[in-house]
Every structure is written in C-alpha cells, then in structure tokens.
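Participant: Just passing along the structure, written as structure tokens.
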Amino acid sequence: MINDFVKERRRYPRIELILEAKYKVLDYEQIFQFTKTQNISAEGVCFESIELLKPGIFVQLEVDLKDDCPPVSMVAEVRWIGDIKSNRDKRYINGVKIINMPAKDEARFLKYYCDKIVEKLSTYLK
C-alpha cells in the first residue's frame, strides 16, 4: 500500500505561480524565447516551451518577479519534461533545477519565494 504512493523527492514545496520569463538553451546561438512559469520552488522552476527540451541540457532563464527590478537570471538544468494539452500549438512544460545565480538575484528570488510561502500559509490561519 505505501509502495503504491509516489515518493516526493523535492526538498522545498512548489508554489503555483505564473510569471513572465524568457529562456535560451546554453551552448546554442539562440535568442531568448518568451515564456511563463507555472510554479517555482527554492531550487527549481517549471516553465513552458514550444520546443522540446531534453533532460540534462542547461538553459539560461530570466524570471520577472514583478518587483520593479530587472528579472532574476539563473542557469538551470532541465530535469524533466511533459506535454501540455492545448488546442493551439504543441507545448511542453519543463522542470529545471537551479544550478547558478548571481548572489543579488539569488537573494531576491529566495525572499520572493519565502514571501509567497508565507502568503499561502497565512490563508490557513483565517
């Protein structure tokens, strides 16, 4: 019975959050592609793409935190991919693990994430 449940491997909860973002695959001469996040965690992001990205590749991802500052920039590794059911174009979702961020962006990203966790938890207190 317990073996029937999928074990959660994430160390931090994900928060469903749609944010404007853009990404490009590293090691290719590619321009940034505009996208949206689906959720974030302290060490990962899930975002949409129109191209099929493969696990193990690295992307540069820039996420707008809507705080009147430039987007936070990160290098992330694609860990998993999935299809999005859509009536329009074929789209994919990509789960990435953050590998590297500039220190100032990391501080802003983690503060934003923690603030969103507090917002979510505070709804249980009402």
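Participant: Could you please tell me the mean projected area of the C-alpha convex hull for the chain, averaged over all directions and given in square nanometres to one decimal?
Facilitator: Working: hull surface 42.1 nm².
That works out to 10.5 nm².
Participant: Compute the signed sum of charges (Lys and Arg +1, Asp and Glu -1) over the other residues within less than 13 Å, Cβ to Cβ, of Phe32.
Facilitator: Values: positive: Lys22, Lys24; negative: Glu20, Glu29, Glu51, Glu62, Asp64.
Charge balance in the 13 Å sphere: -3.
Participant: What is the chain's relative contact order, in percent, from Cα pairs under 8 angstrom and six or more apart in sequence?
Facilitator: Answer for the chain is 21 percent.
Participant: Separate question: For Ile57, what residues show an amide H to amide H distance below 5 Å, using hydrogens built from the backbone and excluding near sequence neighbours?
Facilitator: Result for Ile57 returns Val78.
Participant: Can you order the peptides 93-100, 108-115 by their average number of other Cβ atoms within 10 Å per residue, highest first?
Facilitator: Ranked from most to least packed, the peptides come out as 93-100, 108-115.
Participant: Considering amide H positions built from the backbone, and no H for Pro or chain starts, which residues 5 or more places from Leu17, or on another chain, come under 5 Å of its amide H?
Facilitator: Here the answer is Asn39, Ile40, since their amide H atoms fall under 5 Å of that of Leu17.
Participant: Quick check for me: using +1 on Lys/Arg Cβ and -1 on Asp/Glu Cβ, what's the dipole size of the chain about its Cα centre, in debye to the nearest 20?
Facilitator: In debye, rounded to 20, the chain gives about 400.
No value in this document is a laboratory result; all are computed from the given coordinates. As the structure is a prediction and not an experimental result, all values here were calculated from the model. Because the Cβ atoms are built from the backbone with ideal geometry, glycine has one as well, and the counts that use them run over all protein chains shown.
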